[in-house]
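Below you'll find the structure, written out as structure tokens, and then a few comments.
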Amino acid sequence: MTKFVAEKVDNPRISLLLLGAVSFIVMADMRVIDPLLRVIANDFNTSVGNTAVIISAYTIPYGLFQLVYGPLGDRIGKLKVMTGGITIFAVGTALCTFAPNLPLLILLRFLTGMFAATVIPLSLAYIGDNFPYAERQTAIGRYLSALMLGQILSSSLGGIFGEFLSWRNIFLVFGVASLIVAVIFWQATRKIPPEPNKQETKNFFATLKPYFQLLTKANARLVITTVFIEGFFLYGGFAYVGAFIRDRYNLPYVTIGILLSGFGMGGLLYSISVKWLVHRLGEQGLVVVGGSLVGTCFLSVNLFPNWMLFIPTTIFIGLGFYMMHSTLQTQATELSPESRGTAVSLFAFNLFVGQGIGAVFLGQIVDRAGYTSCFILCGVAVPLLAIWFASQMRYLKV
């Protein structure tokens, strides 16, 4: 084992900076829509609820195809799959600029979400393969900082383009930037020795069998169900905060983007204080307090007399989300120690599919009953989910 680790360290490998650059663009592309729902709806002369389908069109295939790319990366090489994925992602993102109608934009977002799914899970798997355990936590921490930065800046960039340029131009910028990074990534992979083919004679579809085996475990079903509902109500509800701010306060899109970036700032706040929070609250306390914080924020937004109150609110929603979600994520890594990749892929799949379905469902509530009904539903559902999961966590420790 020691010899193997030493050989892995000595071998040339893709830099964390390059992996972070690719993942930054994917994360930014995913979240840039949030402040732009209203302006895109106006451009296509339709409702916010109908327009929100473009969120689901990205997140559902993004979650679904993570189940495919893990085994495919093991079969033909992670870097090879990522290179092809980011190239097609770049082309599809750029084409969103020229979409003449909403259905075509939905189709293009579906395709970009499908190939964006190659990047983040395979990057994490690649880091696990190529960094010894003593270095791995630091490497993953540096890599994840790029994701957080993409989440923070995407909302601000979306607001700037929505206000001063055009929502279409942001996709052109992301598409060109992705293509440049794809070329650099391809050139870098040429210097990397081919990955050993561990599944050369194995039927590809047989590699999906562990996902079904995992679902036979009660612990796995509990965690997977919880993260699906979390994505449905928390991420699904947050998708409408930007449109709500625009409709109620008529703020510039750049201001809305900055306000929404507070979600990522809440994540940074959590990362800074995580040791203290875990020590003070414990895992069950993190879940309950985080879910309650999110619920309180959702219930409060309808009562705000001034838009300035959204500055702390979006930060607290982000903080509450990461308090709750990080605990779920930690539990997911222990569901199947012998096949952690399978467990984490299934976990991520349910988070993003839940978000995609939730955005569509809650969009219909927004169109028919208004933002207030949507946020009240989310404000009640998330704390109840947190309390229920915390009460069940004792079974996960058996």
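Assorted remarks:
- For segment 229-263, the set of residues classified as out of contact with any Ser or Thr (no Cβ under 7 Å at 6 or more places or on another chain) and part of a loop (DSSP other than H, G, I, E, B) consists of 239, 240, 250, 251, 252, listed by residue number.
- Residue in segment 295-311 that is assigned to a helix (DSSP H, G or I) and either basic (Lys, Arg) or outside the structural domain of residue 331 (by TED's automatic domain parsing) (or both) present: no
- Qualifying positions in segment 290-312 - of a type in the set (Val, Ile, Thr) and surrounded by 20 or more Cβ atoms within 10 Å (Cβ to Cβ): 294, 301
- Test: residue in segment 352-363 that is in the same structural domain as residue 274 (by TED's automatic domain parsing), surrounded by fewer than 22 Cβ atoms within 10 Å (Cβ to Cβ) and of a type in the set (S, T, N, Q): no
- Qualifying residue in segment 384-397 (condition: at pLDDT below 90, of a type in the set (Ser, Thr, Tyr) and either outside any helix (DSSP H, G or I) or assigned by TED's automatic domain parsing to the domain that holds residue 152 (or both)): no
- Only one of the listed residues (116, 139, 125) is at pLDDT below 85, among the aliphatic types (A, V, I, L, M) and out of contact with any Leu (no Cβ under 7 Å at 6 or more places or on another chain). That residue is 125.
- Filtering 32, 48, 53 for residues that are surrounded by 20 or more Cβ atoms within 10 Å (Cβ to Cβ), under 22 Å from residue 178 (Cβ atoms), assigned by TED's automatic domain parsing to the domain that holds residue 113 and of a type outside the set (Phe, Trp, Tyr) leaves a single hit, 32.
The values are calculated or read from the model by the stated rules, or taken from the named source; none is laboratory data. As the structure is a computational prediction, the values presented were derived from the model and not from experiment. In this analysis, Cβ positions are derived from the backbone assuming ideal geometry, glycine residues included, and neighbour counts consider all displayed protein chains.
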